[in-house]
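The values are calculated or read from the model by the stated rules, or taken from the named source; none is laboratory data. Please read all numbers here as calculations on a predicted model, not as lab measurements. Here the Cβ is made from the backbone with ideal geometry for all residues, glycine too, and neighbour counts use every protein chain on show. Ligands, DNA and RNA are excluded from the accessible area calculation, which covers all protein heavy atoms including side chains. Shrake-Rupley method; radii C 1.70, N 1.55, O 1.52, S 1.80 Å.
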Amino acid sequence: MNSGAPLSGNTPGAVVDGQPSTAPSGTCTVTPITTDADFAHHTSTLPPSCLAVIYFHAPWAEPCKQMSTILSTLASTYPETDPPRIAFLSLDAEEVSEVSEQYDVTQVPLVVLQKDGKVVDSVTGTDASKVRYVVEKHGGAPSAGNASKAGLPPAQKVTKPAPSQSLDEKPEESTNGAAGGGLAKYAPDSKDPATAPEYSSGEMNGSSKDELNSRLGELVKAAPVMLFMKGTPSAPQCGFSRQTVSVLRDRGIRYGFFNILADDEVRQGLKEFSDWPTFPQVYVSGELVGGLDILKEEFENDPDFLQEYMVAKGKLGGPAGAERQAQPA
């Protein structure tokens with residue numbers, strides 16, 4: 001991962017041992033947001049012209065420590081103004097799950113730039129030069145200090161491609177936009193092979209809502225205990241999914257699983273199907289139990305919960321065999 005020049009603990013606004021150091025007086029800092037309501041309050045009070053730099057992180061993700069340092073340093077190069085010109089907000093993606101779902105957070109670190117309630121850009125990973133570039137692009141260059149002297153690498157340079165052929169010019173005969181203006185002017189004809197399913201306003205990925213609900217009804221019954229999670233049991237993509245796998249494993253439960261990140265139709269459809277907006281989701285005999293918190297409560301209230309689905313007493317649980325797993329379409 002490219003994080004640019006290293007930042008020392010004496011860098012203004014840097015994060016030292018997980019805690020932000022004191023930024024120069026009169027400069028911006030990264031504001032931690034701990035609840036969904038807190039986020040709604042902060043964003044609703046920002047003027048339309050203010051750029052909100054929204055940073056999603058997770059305490060267990062090592063790259064997030066690097067990005068926290070980068071953003072704290074970048075924030076310290078912008079002066080505090082009234083009304084604010086730019087605001088930096090930091091959110092634990094797992095603690096503010098509703099906001100994470102709203103912004104479709106599937107990996108961290110993620111930096112989302114928003115102005116007047118609309119997302120204008122986003123960056124994943126820890127490329128400091130790219131983060132600096134998008135922030136300066138939408139929020140203007142910092143004036144409280146020299147970002148390069150603060151330890152940040154130069155903003156990423158973006159070179160525009162040479163102007164393409166005029167739309168009025170007739171392109172040379174070609175196949176699949178390989179020449180004569182490229183894909184921008186390509187239109188398929190009857191000789192071209194079909195490369196993707198057709199879409200219409202009344203369809204979702206080639207299937208009607210009834211067909212989708214029928215598929216979801218089958219998926220939730222694919223195994224006696226079904227876990228719909230982000231990632232797989234061996235490689236969870238969020239902390240809640242990882243904890244749910246641990247709970248089922250420690251209790252010796254055999255379960256089927258479905259990686260919702262591999263099938264967006266299932267991911268979005270299951271929220272409405274189950275009237276449950278977040279993941280992971282656990283089903284038993286086709287009936288929704290709930291998410292991680294409810295699963296924990298069920299085991300606390302009834303130590304024999306899901307006992308009939310245990311592998312064997314004293315043994316760790318885990319995913320069922322391949323024939324019991326639900327697969328993306």
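Out of everything in the range 85-105 that is in a loop (DSSP other than H, G, I, E, B) and crowded, with 17+ Cβ neighbours inside 10 Å, what residue ends up being nearest to the chain's Cα centre (by Cα)?
Step one: of the range 85-105, the residues in a loop (DSSP other than H, G, I, E, B) are 85, 93-96, 103-105.
Next cut, crowded, with 17+ Cβ neighbours inside 10 Å only: 85, 93-94, 96, 103, 105.
Numbers: ARG85: 26, ALA93: 8, GLU94: 11, VAL96: 12, TYR103: 7, VAL105: 2 Å.
Across the range 85-105, the extreme among qualifying residues is VAL105.
When you scan the range 260-269, do you find a residue that is open to solvent by 40 Å² or more (accessible area, probe 1.4 Å), under 18 Å from ASN213 (Cα atoms) and charged (D, E, K, R), even just one?
Yes: the range 260-269 contains one or more residues that are open to solvent by 40 Å² or more (accessible area, probe 1.4 Å), under 18 Å from ASN213 (Cα atoms) and charged (D, E, K, R).
Tally time: how many residues in the range 112-138 are touching a Pro at 6+ places or on another chain (Cβ under 9 Å) and either part of a strand (DSSP E or B) or among the basic types (Lys, Arg) (or both)?
4
Restricting to the range 121-141, give me the number of residues that are open to solvent by less than 30 Å² (accessible area, probe 1.4 Å) and either small (Gly, Ala, Ser) or at pLDDT below 85 (or both).
The number of residues fulfilling the criteria is 6.
Restricting to the range 230-250, name every residue that is over 15 Å from SER100 (Cβ atoms) and either open to solvent by less than 20 Å² (accessible area, probe 1.4 Å) or of a type in the set (A, V, I, L, M) (or both).
Selection gives ALA235, THR244, VAL245, VAL247, LEU248.
Regarding PRO233, is this residue in contact with an Asp or Glu (Cβ under 8 Å, 6 or more places away or on another chain) and at pLDDT below 90?
no
Working only within the range 27-74, note down all residues that are assigned to a loop (DSSP other than H, G, I, E, B), open to solvent by less than 40 Å² (accessible area, probe 1.4 Å) and more than 13 Å from PHE88 (Cβ to Cβ).
Scanning the range 27-74 gives PRO47, ALA58, ALA61.
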